[in-house]
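Taking it in order: structure first as structure tokens, then the write-up.
The values are calculated or read from the model by the stated rules, or taken from the named source; none is laboratory data. Everything numeric in this text was worked out from a predicted model, so none of it was measured. We place every Cβ from the backbone using ideal geometry, glycine too, and count neighbours over all the protein chains shown.
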């Protein structure tokens, strides 16, 4: 698919402005494109100096019902006093908006910077924020959104990579071998339906903004049913055992101000990291027909990227086979 025929090819700045102004806003300036690839996201300000983030959803990725369930969860969180960006609704209560074949939503901009994961105060605040999200998330279940399924997701990621021309013969053999071994290892990890709650799903520091120790969680595009640790493990980045213990202790202490955390879920950390690594490469290749991807990630087409990816997966296999590092 060339650039002229991609679904986002017609989403010009003028169309973005027209879509938003059709809601009754007036935008005195041009939209500013933010760093987003799965969807198209723009920062705009209106004539009352309010700043908005306009998200135009990738066509055919989510159903309307899936997106609406995300919006309703955000509204539920905001009503409970949780610091999230809930979408704007029109006078008829609609948050999922339509214009010229695109679906979009408006979110109030949350200013600030990403947290510092070596700062104990920030870690405590992040744990408390996520605990607040989960205390609401456990009250009900998603009906339209997905469920975190290690087995199915690893199979899907593996197939997406192997279906393309990305690997040479030797790399293909190596990838098939290590991904098969990882799939077999991950199949042993299970959790009960009772452990699955509504979570953010993609809780890295790029989706957390704030100042001092006051943060908000943004971009619930990947929210799903999963164990609570899915929203915690990416905050533990230290390499030394001492620093890792500090991070984990602060996050869990903050979390348990709002909700109890089952420490047995920490055993899922390396499996979840493995899944994320595999899905990331699969995501890149599955979106390659979107012109934004070759422009932003040109190294995916290089052999060196796949050599590095296979080595990383081999390291993950060793990490999964070794003694657990994740002790509270």
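Structural remarks
- Filter pass, residue 275 being more than 19 Å from residue 196 (Cβ to Cβ), crowded, with 21+ Cβ neighbours inside 10 Å and at pLDDT 95 or above: no
- Candidate set from the stretch 177-205 (those that are assigned to a loop (DSSP other than H, G, I, E, B) and touching a helix residue (DSSP H, G or I) at 6+ places or on another chain (Cβ under 8 Å)); member that is surrounded by the fewest Cβ atoms within 10 Å (Cβ to Cβ): 187
- Test: residue in the stretch 8-28 that is touching a helix residue (DSSP H, G or I) at 6+ places or on another chain (Cβ under 8 Å), surrounded by 12 or more Cβ atoms within 10 Å (Cβ to Cβ) and in a loop (DSSP other than H, G, I, E, B): yes
- Within the set 275, 266, the sole residue that is in the same structural domain as residue 151 (by TED's automatic domain parsing), in a helix (DSSP H, G or I), in contact (Cβ under 8 Å) with a residue 60 or more places away in the chain and more than 23 Å from residue 125 (Cα to Cα) turns out to be 275.
- Residue satisfying all of: in the stretch 211-229; modelled with pLDDT of 95 or more and closer than 16 Å to residue 127 by Cβ; surrounded by the fewest Cβ atoms within 10 Å (Cβ to Cβ) among these: 216
- Checked across the stretch 31-45, the condition of being touching a strand residue (DSSP E or B) at 6+ places or on another chain (Cβ under 7 Å), assigned to a loop (DSSP other than H, G, I, E, B) and either farther than 23 Å from residue 283 by Cα or in contact (Cβ under 8 Å) with a residue 40 or more places away in the chain (or both) holds for at least one residue.
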